[in-house]
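For reference, the structure is listed below as structure tokens.
The values are calculated or read from the model by the stated rules, or taken from the named source; none is laboratory data. Everything quoted here is computed from the prediction, not taken from an experiment. Every residue, glycine as well, gets a Cβ built from its backbone with ideal geometry; the counts of neighbours run over all protein chains shown. Areas reflect the complete protein model, heavy atoms only, side chains present, ligands, DNA and RNA absent. Shrake-Rupley method; radii C 1.70, N 1.55, O 1.52, S 1.80 Å.
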Amino acid sequence: MTLTAPPAAATALRRRPGLRRLRLLGGQGPLFTAALLLLAALVLVAALAPLLAPYDPEAMDLTASLVGTGGDHLLGTDQSGRDILSRLLYGARTGLLGPLLVVAVSTVLGTGLGVLAGWRGGWADAVLSRSMDLVFAVPGLLLAIMLVAVAGSGMTAPVVAMAVAYTPYVGRLVRGVARQEKARPYIESYRVQGWSGRTICLRHLLPNIAPTVLAQSAMNFGYALMDLAALSFLGFGVQPPTADWGAMINEGQSAIQQGAMLPALAPSFCIVLAVVAFGIVGEGIADRIAKRER
């Protein structure tokens with residue numbers, strides 16, 4: 001028996017969550033608010049780095065090697081005499097840009113594949129799911145190292161590799177949520193009204209799963225930041241003298257042997273702080289979604 005919705009019910013269905021469910025950034029407690037403000041400050045610092053940095057981040061002065069905190073250098077200098085604070089500020093740019101590209105590409109690809117698999121089902125679901133499982137089985141760092149060996153070091157190869165590696169995380173999540181949404185009565189109502197599958201997906205299915213994708217993307221951002229920093233630390237990512245938090249930790253190892261901790265600890269602290277903040281924001285959005293679904 002085919003179900004039809006009366007005009008009033010159809011209107012209510014059109015007003016179903018959708019984009020209104022994106023209002024998930026408030027009421028999650030002081031920790032969530034603090035993490036959100038920290039991320040906003042981090043983005044602002046990265047954008048204004050040329051104005052905030054007291055020195056050229058790549059300018060070396062061997063006569064000022066490993067100068068302590070205070071005076072002309074608030075956080076001191078590294079072994080090459082470069083100002084640590086300036087390099088941290090500029091490092092926020094590379095530290096955020098790489099993960100942003102990874103998350104953007106993997107979210108678009110994963111959402112498209114997940115919705116297609118969940119909506120179509122059948123052979124399309126089987127092929128896409130097995131393909132995502134195959135990519136999921138390959139560690140992202142290993143894939144990045146392999147691609148760097150072919151294409152050379154820098155930001156491009158690690159970003160491409162990590163975007164491919166993160167796509168199954170998004171795709172598998174979206175597939176499950178899309179299958180759940182597809183079974184809801186409002187989908188059948190729109191089908192009865194003659195709406196095409198593409199229109200239903202674009203106008204209703206995607207907006208309804210957007211909060212879940214947002215939560216996953218926030219957590220993926222932190223993981224991608226950590227992975228790309230690890231690649232730079234190993235020498236496969238951003239190359240010196242470009243300011244990058246992962247590369248700064250690598251360069252600061254020799255300074256530790258000379259008793260100078262800040263060249264390595266300062267970027268490490270920034271990475272940990274950013275990853276934790278992204279994790280808190282992602283978990284906060286996920287918790288808010290769970291409460292709304294009850």
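All but one of (1) open to solvent by less than 50 Å² (accessible area, probe 1.4 Å); (2) under 23 Å from Ile285 (Cβ atoms); (3) at pLDDT 90 or above hold for Arg175; state the number of the condition that does not hold.
(1)
Restricting to region 223-250, count the residues that are in contact with a Lys or Arg (Cβ under 9 Å, 6 or more places away or on another chain) and among the acidic types (Asp, Glu).
Number of matching residues: 1.
Report yes if some residue within region 240-247 is in contact (Cβ under 8 Å) with a residue 24 or more places away in the chain, open to solvent by 10 Å² or more (accessible area, probe 1.4 Å) and within 21 Å of Arg172 (Cα to Cα); otherwise report no.
No, region 240-247 has no match at all.
Six or more apart or on different chains, Cβ under 6 Å: which pairs go from a residue in region 180-201 that's farther than 14 Å from Arg120 by Cβ to one that's polar (S, T, N, Q) and open to solvent by 70 Å² or more (accessible area, probe 1.4 Å)? Could you list them?
Val192/Thr4
Let me spell it out: the conditions are (1) touching a His at 6+ places or on another chain (Cβ under 8 Å); (2) under 21 Å from Leu214 (Cβ atoms); (3) not hydroxyl-bearing (Ser, Thr, Tyr), and Val67 meets all of them except one. Which number is the exception?
Exception for Val67: condition (2).
Open to solvent by less than 60 Å² (accessible area, probe 1.4 Å), in contact (Cβ under 8 Å) with a residue 40 or more places away in the chain and farther than 25 Å from Leu97 by Cβ: is that true of Tyr166 in this structure?
No: the conditions fail for Tyr166.
Say we look at region 71-86 and pick out the residues that are within 18 Å of Pro241 (Cβ to Cβ) and of a type in the set (Asp, Glu); which of these is surrounded by the most Cβ atoms within 10 Å (Cβ to Cβ)? Steps first, answer last, please.
Start the filter on region 71-86 by keeping residues that are within 18 Å of Pro241 (Cβ to Cβ), which leaves 73, 75-86.
With of a type in the set (Asp, Glu) added as a condition, the list becomes 78, 83.
Values: Asp78: 26, Asp83: 24.
Of everything passing the filter in region 71-86, Asp78 is surrounded by the most Cβ atoms within 10 Å (Cβ to Cβ).
Being in contact with a Lys or Arg (Cβ under 9 Å, 6 or more places away or on another chain), open to solvent by less than 60 Å² (accessible area, probe 1.4 Å) and either aromatic (Phe, Trp, Tyr) or touching a residue at least 60 places away in the same chain (Cβ under 8 Å) (or both) is the filter here; which residues of region 114-153 pass it?
Of everything in region 114-153, those that are in contact with a Lys or Arg (Cβ under 9 Å, 6 or more places away or on another chain), open to solvent by less than 60 Å² (accessible area, probe 1.4 Å) and either aromatic (Phe, Trp, Tyr) or touching a residue at least 60 places away in the same chain (Cβ under 8 Å) (or both) turn out to be Gly114, Val115, Ala117, Gly118, Trp119.
Spot the failing condition for Gly237; the list is (1) open to solvent by less than 20 Å² (accessible area, probe 1.4 Å); (2) part of a helix (DSSP H, G or I), and only one is missed.
Condition (2) is where Gly237 drops out.
Can you pull out the residues in region 95-113 that are within 19 Å of Ala215 (Cβ to Cβ) and open to solvent by less than 10 Å² (accessible area, probe 1.4 Å)?
Pro99, Val102, Ser106, Gly110
Would you please name the residue that is modelled with the lowest pLDDT, looking only at residues in region 249-294 that are outside any helix (DSSP H, G or I) and surrounded by fewer than 17 Cβ atoms within 10 Å (Cβ to Cβ)?
Here the answer is Arg294.
Could you name every one of the helices (runs of 4 or more DSSP H) located completely within region 32-151 that has at least 1 residues being of a type in the set (Asp, Glu)?
122-136
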